[in-house]
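Worksheet: the structure to be examined is printed underneath.
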Amino acid sequence: MSAANSLLTWTGCRTSESLNGAWNAIIDVYDVGASGPFGGDAMFAEMFGFPADRGRNSPGRRAEYDFDTSPVLQVPGDWNTQNERFHFYEGSMWLRKRFSAQVDAERRTFVYFGAANHGTWVYLNSKKVAEHEGGYGPFCVEVTGLLKPDEENSLIVRVNNQRTKSAIPTTRTDWFNYGGITRDVTLIEVPSTFIRDAVVQLDPANPTVVCVDVSLDGPNASQAVTVSVAGETLGTLHTNEAGRGEARFALPSTLRRWSPSDPVRHEVTVSCESDSVTDLIGFRTIATKGTQILLNGEPLFLAGISLHDESLGDPARRIQTADEARALLAHAKALGCNFVRLAHYQHNEHTVRACDEMGLMAWCEIPVYWGIDWENEATLANAKDQLAELIVRDRNRASVILWSVANETPPAEQRTVFLRALVKEARQLDPTRLVTAALFSHAQGGEVFDMTKESDHWMIDDPLGEDLDVLGVNEYHGWYYGSFETMAKTRWSTPYDKPMIVSEFGADAKAGLRGGNDESWTEDFQAEVYRHQLAMLAKIPFLAGTTPWILKDFRAPFRLLPDVQDGFNRKGLIDTNGNHKLAYDVLASWYQDRLAQKG
């Protein structure tokens, strides 16, 4: 079953039990826990194999491991910031949770993982039940009939965060390689025939109509399904023997549309004879017209900022709670943003739901980043799976307006074939939103331009631009290349009649480091880069938005400049504790003026 068809959605309204909390953990540098030291010999696999959960005092053969006496790690959580020994560890870690469960023979049970980075193997009561590849998307496994109703159950998860050439992402990224079960783990119970997924969205071509696509799963998959919005029944559809059903219903004319200024959501209920699910969903349309982006039919400027899925505070870590997500997004709102770029991978569901609540439109992305193994069919298949996990989880979120298939991938024939396949997949999974990618600004004529050369004309003509709805462009004039003098006279052009978002620009600055406007790494220089950047960008006629890099300083192992970077990318407008740098106010003032002009 593909990722798109095997996920669970509408999980927040299900009967569930959290499996978060303390898990025992064993570091396994040589990967002996799966098969023993001799790679699969039955006797040694039984003795050393961690899924059996034997313990050192087990009768018979002595096990040379013991979860009971092993260290404890918190789930959700990365192992890097919980124990200094594991800060840069890349390899396998085994985590075990024992729990009791009430089992209803008439219902089905799933274990749902918000994310685990990168490869994951799941064992329940010594039986292998799932494998998953990809460190940022959700996945689940059905465990109906495998739970012990009258005794403790043993859930053991092996997670491996090693970077590999054929993976998504590949071996080098500009963010921290957190390891572990980094998002919630939940035991979810559903009826024998249940609503696996339901997409309820406005028809982009006719916003007075809501399109509903429902999937039932179970022995009685052919049923009548009723849909209601804000307490008003829209109508009934019928699923086929495979459990699929689609319908179009007239939306109540009085229903308010979702927007950043009015992020209203309505209670939506989808019911069949055996199941019912409810969620809060906002309704809005997103489209393009020439070089404009239209929200609910009206042009708007996307005043944005880029984010990593990393919390405020010390130590910085992957976001784990709704409060952590809201705290970070509050800084974007205070900046004057109506838009965030959730780079460079799928962010926590708490963050996307907080965007819905707070009125922040979102660009959501998969980690197809830099030098991917473009000719590897398995790599493309995994990219499609991660794209499906991204889209299926979040396609009912009003805040999400853009799916991004890549970031900073140098143009080449096979790369473009690879990315075009992802663009096609995104449109099949969700035809109601726009598709983009963050392109190199210095990729001209299908080749990467020599950044060491001064240029006062930047042509955005990456061949992938033909396939995108919105052009995303990363550029670092004034920092990695170009001078302030050149920026003042730079002309931008593109052969595509499409809106462009400058998805990255900026400069590093260590918080509190002051100096002249020409002194690199200071707050003063970063602010000066922003002033010249914004003056340059304001003259681009097809500019539809910006998401400067980045809201907050974040961990990045190859940023090594002593006493300045120290393992952090310092392009944040705030530091890890939320303190503003000078450039924050420069951008806030520009956004205030820009949005006032549009208003």
Qualifying residue in the range 95-103 (condition: touching an Asp or Glu at 6+ places or on another chain (Cβ under 8 Å), modelled with pLDDT under 95 and aliphatic (A, V, I, L, M)): yes
In the range 195-207, the residues that are open to solvent by 10 Å² or more (accessible area, probe 1.4 Å), more than 13 Å from Glu246 (Cα to Cα) and at pLDDT 95 or above: Arg196
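Residues checked against (1) aliphatic (A, V, I, L, M); (2) within 22 Å of the chain's Cα centre (by Cα); (3) within 23 Å of Val470 (Cβ to Cβ):
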position: Leu237; (1), (2), (3): yes, no, no
position: Glu267; (1), (2), (3): no, no, no
position: Ser274; (1), (2), (3): no, no, no
position: Asp279; (1), (2), (3): no, yes, no
position: Gly304; (1), (2), (3): no, yes, yes
Residue check, Leu587 part of a loop (DSSP other than H, G, I, E, B) and not aromatic (Phe, Trp, Tyr): no
Conditions (1) in a helix (DSSP H, G or I); (2) open to solvent by less than 10 Å² (accessible area, probe 1.4 Å); number of the one not met by Thr409: (1)
Wholly enclosed strands (runs of 3 or more DSSP E) of the range 471-583 bearing at least 1 residues acidic (Asp, Glu), open to solvent by less than 10 Å² (accessible area, probe 1.4 Å) and farther than 24 Å from His308 by Cβ: none
Single residue of the range 102-118 satisfying the filter (touching a residue at least 24 places away in the same chain (Cβ under 8 Å) and either polar (S, T, N, Q) or over 19 Å from Asp184 (Cβ atoms) (or both)) that is surrounded by the fewest Cβ atoms within 10 Å (Cβ to Cβ): Glu106
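At least 3 residues that are open to solvent by 10 Å² or more (accessible area, probe 1.4 Å), among the aliphatic types (A, V, I, L, M) and at pLDDT 95 or above in each: list the helices (runs of 4 or more DSSP H) lying fully within the range 299-402 that qualify. Please lay out each step first, then the result.
On the way: elements: 322-335, 349-358, 377-394.
Here the list reads 322-335, 377-394.
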Matching residues, the range 217-263, being outside any strand (DSSP E or B) and of a type in the set (Ser, Thr, Tyr): Ser222, Thr239, Ser253, Thr254, Ser261
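Closer than 25 Å to His344 by Cα and over 23 Å from the mean Cα position of the chain (by Cα): which single residue out of Ala535, Ala556, Ala596, Ala588 fits that description? Walk me through how you get there before you give the answer.
Details: Ala535 fails: closer than 25 Å to His344 by Cα; Ala556 fails: over 23 Å from the mean Cα position of the chain (by Cα); Ala596 fails: closer than 25 Å to His344 by Cα.
Matching residue, one of Ala535, Ala556, Ala596, Ala588: Ala588.
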Listing of strands (runs of 3 or more DSSP E) fully contained in the range 108-174 that carry 1 or more residues being closer than 24 Å to His87 by Cα: 119-124, 127-133, 153-160
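The values are calculated or read from the model by the stated rules, or taken from the named source; none is laboratory data. Note that the structure is a prediction, hence the values are computed from the model and not measured. Because the Cβ atoms are built from the backbone with ideal geometry, glycine has one as well, and the counts that use them run over all protein chains shown. Accessible surface areas use protein heavy atoms only, side chains included; no ligands, DNA or RNA. Shrake-Rupley method; radii C 1.70, N 1.55, O 1.52, S 1.80 Å.
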